[in-house]
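Below is one structure, written out as structure tokens, with a few remarks after it.
Please treat every number below as a calculation from the coordinates, not as lab data. Quick caveat: nothing in here was measured; it's all calculated off a predicted structure. Backbone-built Cβ (ideal geometry, glycine too); neighbour counts: all protein chains shown.
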Amino acid sequence: MAWQPDDSNDSPDLTPMIDVVFLLIVFFMTVATLLTAEKIDIEMPVADQSKVPEDAGRREVITILPDGSVYAGIRRMDGPEALGPIIRNGMETVRGYKVNLRVDTNTPHKHVREVMRVCAENGAFDVIFSVYQS
């Protein structure tokens, strides 16, 4: 009599592998979204002595354009004073809150000074400027 296989179903269970694949897809979609986050287009200044901060932490990105318009992230503000509540809220809710200023090369310094004053008045003293390294 010849050997015959059992009628049992010994095929591998692919459910865990499918779960992992879906989790990887969700992870990469989320990371891709964060990497392509919208930013206001500006001409970044170049600094010879620039260096990358050791602890970037969570930073509020504030962009200043040459005409003096101010953006918190991609949201246009009604002037520098409108940043006050955003900075205050960040200082109260985020430990180690910091500000990242993105300033166009052609922006007059008076606009930068106004934003820095608002930051200081609301307790944000850790301010970093975004530049290109030469």
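For a straight C-alpha distance cut-off of 20 angstrom, the lysines reachable from Lys98 (same-chain residues fewer than eight places away being disregarded) are Lys39, Lys51. Using a Gaussian network model of the chain whose springs link C-alpha atoms within less than 10 Å, name the residue from Pro85, Pro53, Pro45 with the highest mean-square fluctuation. Result for the chain, Cα springs under 10 Å: Pro53 fluctuates most. Could you give the DSSP H helices of the chain that reach 24 angstrom or more along their long axis (alpha carbon positions) and whose average Kyte-Doolittle hydropathy is no lower than -1.0? TM-like helix candidates: 15-35. Counting neighbouring beta carbons within 10 Å and listing from fewest to most, the residues Leu101, Leu14 come out as Leu14, Leu101. If you look at the Cα atoms of the chain, you get an Rg and a Dmax of 25.0, 97 Å.
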